Structure formats: C-alpha cells, structure tokens
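The values are calculated or read from the model by the stated rules, or taken from the named source; none is laboratory data. None of these values were measured; they are calculated from a predicted model. All Cβ positions, even for glycine, are placed from backbone atoms using ideal geometry, and neighbour counts span all protein chains on display. These accessible areas exclude ligands, DNA and RNA; they are computed on the full protein's heavy atoms, side chains included. Shrake-Rupley method; radii C 1.70, N 1.55, O 1.52, S 1.80 Å.
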Amino acid sequence: MPEKPHDTARISFADLVETLQKIFVKAGVSEANAAVLAVNCAGCERDGGLSHGVFRIPGYVASLNSGWVDGKAVPILERSGPALLRVDARNGFAQPAWAAALPHALDMARQQGAAVVAIRESHHFSALWPDLEPLAEAGFVALSMVTGLACVAPPGGRKPVFGTNPLAFATPVAGAHPMIFDFATSAMSNGDLRLAARAGHSVPPGTGIVRSGALSDDPKQILDGGALLPFGGHKGAAISLMVEILASALTGGQFSSEVDFSAHPGAETPRTGQVIIVIDPARGNNAVFSERVRNLIDSVRDAGQARLPSDRRYRTRESSEREGISLSVEQRDALVRMAAG
Ligand code: NDP
C-alpha cells in the first residue's frame, strides 16, 4: 500500500467504510466482523492515526490469507463475576470481540460501579483509543492494554520479551470531548523504527539495542537481531511488564514472547489478549468528577502545555468531516482495486 505523499484524494467516512468492508469480506471476514473492522480502520484514518488506518489493510489481508486469524470468528462471552466478563475471541480480531462485550461492560459498570473485560485469543492490529472513546462518551473512565509480538528487551537484557504493548486511558471532560491518551510502551513504535531504517535515519539514543545487547542508534541493526527498549528505562519496563500481566496472564491470552506464527507465512497480527477496565466515576459521591477533570486540564493548559493528548486527533477528525478524509490518489486507487478485484 503506497504511503501518503503525492496527489491527494478526498473520500467521505461512509465511502471509506464501505470500501474497507468490501475488502474485508473478500478476504474472508464475515459481514458482521467486516463492518466493525471497517469502521475501526476508517476511524483511525479519519483521525490521523495513519499507523493504524488504511496502511494496515495489506497486513490484515495477508494475515487472513495465511490462515493465522479467523475473520469469521464469533466470540464467546462468559460472566465470571458481577464485574468480570471473560471473552474468548476464538482466534478472531479483537475489535468484534470488544464490540460484542461493550454493551455488557456498560451495563456492568452502571450496575456495579466498575467492570473488567478480559479478552483472549484475539488479534489486535489497531489503535486502542477507538475501543475506549465510547466508554468515556458514556461517562466512564477506562483503561486498556494489549500485548503484541516480542520485539522489546528489558533494560540490561539482550532478548526481546515484551511487545510494544500499548496502554490507553480515557476520561470524560465536562463540556468537551473525552481526553484519551494511547501509546506504545516501547521507546519507539515498530512502524516508526522501520520507517527510519527505510529512510536511512538514525534513531535517538535509548531506542534499542543490537544483538550483543549494546545500545544502538542504527534502526537496521536494531531490527536485525536486536530489540527495541521500553520508554523511560526501568519505569517503562515495569509498565510493559504490567501490560503482559494484565492483557495476557489475567485474560488467559498468550504473552508476546509466546506468539509463533512461523507456520503461517505472511501473518502479521499478534494473537494475544486485551484487558479493558471501566470505572463509573460518579460512584463514591463524586458526581462532579468531569467538572474537576475539566478544571485540571484547564490548569495544565494555563501552566503552559500547548498540546494535550487527543487535541490533534479531534482537530484532524473535524477537518476530515469537513473536507473528506485525505488519501493519496495511489492509496485510494489501490483500495478500490482491492475492493473490486
Ligand atoms: P505516540 O508516541 O504518537 O503518542 C500517541 C499519544 O500521545 C496520543 O494520545 C497523542 O495524542 C499523544 N501525543 C503525541 N504527541 C504529543 C505531544 N507532543 N503532546 C501531547 N500529547 C501528544 O504513539 P505511539 O507511536 O506510541 O502509538 C501510536 C498508536 O499505535 C497508538 O494508537 C497505539 O495504540 C498503537 N499501537 C498499537 C499496537 C497494537 O498491538 N495494537 C502496538 C503499539 C502501538 P493525539 O492522538 O491527539 O495525537
């Protein structure tokens, strides 16, 4: 899939969803699952999350063609307690499993004040913010974590054991969009490392190591038998370890280091687990929660932070809704061919 440089084509969200849905169905995804994946992927593109927008379509298709992931999987939901829902995604994509669980998560959080959704046997190949935005829009605080493919070594180590293990947090904000942050717990995302290698650029110190364990600023060497490092030294490593524990050990999914798709050439998606934690902030006599968050965010802006997480994303969404989603002509034509061919 060509990247976005040259002549720009504009496409509406609805048209992009329809095109992506056709591509997923042609690749063997059920109509219901394709609808969920298409909205998720088009939403990333609309909001400027380009690393998880249409750029990912060839990876989705290659993984489906390799037989590694089941596009028709129907998740099994199992209540393990008043506030705990376990979900077996049955080797399908995580987004349809989460779509099936979401109404139950909302119901549990309303009834019990909190809910934990533990998804296993799932392939997450997207950003996490789309999973959390509906929760924050409904007034809940939420966290999510996902494990991936082992490419991150612990500090002082030589061997990759963690995935890039993203962590996302969402909160309602009175009178404004929810504030959501969502990032990998590695010093750099795998995609950015590959882009740097392709462009022949060096990467900042602390990004990764070479095979011997020595630090390197050469992305090619990091990719060739080396490993990324967690962000923030031992602090980031502890957070990445927590992601493995909550998204894999707690859910019953595979650890990043256990993923083995060597029997499925072409596969790209990690078959691991995802946890989503939902809290009703209005419980505990805290009805003014979202106003207090708004005041706090205003204080942070007043203190001088010009950009907060989500600012860029909402701005990009607004311009996409006004002018259409921007793709390169090559990207648009490639998608249309894939949908038709
Ligand atoms: P970034 O380092 O780009 O950080 C993204 C987050 O930080 C966003 O919430 C963004 O807000 C915010 N942000 C970025 N720059 C600033 C700034 N200067 N000031 C304030 N806030 C800022 O993200 P990553 O490259 O680590 O991850 C990108 C995506 O990749 C994530 O969505 C993540 O979920 C996904 N991912 C998915 C994986 C998977 O296995 N499914 C694995 C790894 C990553 P805004 O959105 O407004 O820009």
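A few remarks follow.
- Residue under evaluation R56, criteria (1) within 15 Å of the ligand (Cβ to nearest atom); (2) surrounded by fewer than 19 Cβ atoms within 10 Å (Cβ to Cβ); (3) part of a helix (DSSP H, G or I), criterion not met: (2)
- Residue that is farthest from the ligand (Cβ to nearest atom), among those in region 19-31 that are among the aliphatic types (A, V, I, L, M) and farther than 16 Å from H123 by Cβ: V25
- Output for region 81-116, where each listed residue is within 19 Å of A32 (Cβ to Cβ), assigned to a strand (DSSP E or B) and open to solvent by less than 40 Å² (accessible area, probe 1.4 Å): V87, D88, A89, N91, G92, F93
- Whichever residue in region 217-258 is assigned to a loop (DSSP other than H, G, I, E, B) and among the aliphatic types (A, V, I, L, M) and, among such residues, is surrounded by the most Cβ atoms within 10 Å (Cβ to Cβ): L229
- Scanning region 166-203 for residues that are of a type in the set (A, V, I, L, M), more than 12 Å from the ligand (Cβ to nearest atom), outside the structural domain of E137 (by TED's automatic domain parsing) and open to solvent by 50 Å² or more (accessible area, probe 1.4 Å) yields one hit, A199.
- The numbered conditions (1) under 26 Å from D192 (Cα atoms); (2) in a loop (DSSP other than H, G, I, E, B); (3) modelled with pLDDT of 95 or more; (4) more than 16 Å from the ligand (Cβ to nearest atom) are all true for W68 except (4).
- Once region 302-319 is narrowed to residues that are near the ligand (Cβ under 6 Å from one of its atoms) and under 20 Å from the mean Cα position of the chain (by Cα), the residue that is farthest from D47 (Cα to Cα) is L308.
- Taken across region 98-109, residues that are free of Cβ contacts under 8 Å to residues at least 24 places away in the same chain, in the same structural domain as S262 (by TED's automatic domain parsing) and either more than 14 Å from the ligand (Cβ to nearest atom) or touching a strand residue (DSSP E or B) at 6+ places or on another chain (Cβ under 9 Å) (or both) do occur, with at least one present.
- Total residues in region 40-53, condition without any contact (Cβ under 8 Å) to a residue 60 or more places away in the chain and surrounded by fewer than 24 Cβ atoms within 10 Å (Cβ to Cβ): 1
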